[in-house]
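The values are calculated or read from the model by the stated rules, or taken from the named source; none is laboratory data. Computed from a predicted model, the values in this text were never measured in an experiment. Here the Cβ positions follow ideal geometry from the backbone for every residue, glycine too, while neighbour counts run over all protein chains shown.
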Amino acid sequence: MSYELAWEPLGVMLSFSGRISFDDIHNATVDYQGDSRFDHIRYVIADLSRISGCDVASTDMDYLWAIDRAAKISNPRIRQAVIAAQPEVIALVTHYKTQGTCAFPTEVFTSLDDARCWLGIGEAGWNRPQTDLSRESEARSS
């Protein structure tokens, strides 16, 4: 198996390694979307930073988009962060994002920290405290 699922308090992390195929991505998707926790999560992080190659076609991404679009009926609150640096993976995610109405808001990042920041979560998967910028600016101007 070239993927692992790790459930976090508000989401799930999919970690892929080695050479991956569409079957790996599809199986991971079916695993987490079929879990009873799926209806309550707020994010999915797909870490593809450790893959050595990707045997996935753009038509496969069309199919994945359709699966996600159906899953959105059950949980429309999910956002997806993809961690990747390989141009072929970034191109596939870009293709996914251009499929009509977005299944889930999705962005690509080169680091886990950047992905978690965009999702608004900390290292352990909990929401990061929001800074009240208005109070900070008032304190500086006093």
Requested in this report: State all residues of the stretch 65-90 that are surrounded by fewer than 20 Cβ atoms within 10 Å (Cβ to Cβ), closer than 16 Å to Ser21 by Cα, in contact (Cβ under 8 Å) with a residue 24 or more places away in the chain and not polar (S, T, N, Q); if no residue qualifies, say none.
Outcome: Glu88
Report summary line: Subset of the stretch 91-120, residues within 15 Å of the chain's Cα centre (by Cα), aliphatic (A, V, I, L, M) and at pLDDT 90 or above, comes to Leu92, Val93, Val108, Leu112, Ala115, Leu119
Query raised in the report: Of (1) more than 22 Å from Asp113 (Cα to Cα); (2) over 16 Å from the mean Cα position of the chain (by Cα), Ser52 satisfies all except one. Which?
Result: (1)
Requested in this report: Can you run down the residue pairs with Cβ atoms below 8 Å, 6 or more apart or on separate chains, where the first is in the stretch 26-55 and under 15 Å from Thr106 (Cα atoms) and the partner is among the basic types (Lys, Arg) and assigned to a strand (DSSP E or B)?
Outcome: Arg42/Arg79; Tyr43/Arg79; Val44/Arg79
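If you go through the stretch 22-56 one residue at a time, how many are among the polar types (S, T, N, Q), closer than 22 Å to Ala85 by Cα and surrounded by 13 or more Cβ atoms within 10 Å (Cβ to Cβ)? Give the derivation first.
Start the filter on the stretch 22-56 by keeping residues that are among the polar types (S, T, N, Q), which leaves 27, 29, 33, 36, 49, 52.
Okay, now just the ones that are also closer than 22 Å to Ala85 by Cα, so 29, 49, 52.
Those still in the list that are surrounded by 13 or more Cβ atoms within 10 Å (Cβ to Cβ) too: 29, 49.
Selection size over the stretch 22-56: 2.
For the stretch 1-21, which positions are farther than 19 Å from Ala81 by Cβ and surrounded by fewer than 18 Cβ atoms within 10 Å (Cβ to Cβ)?
Filtering the stretch 1-21 down to residues farther than 19 Å from Ala81 by Cβ leaves 1-2, 18-19, 21.
Passing the criteria: Met1, Gly18, Arg19, Ser21.
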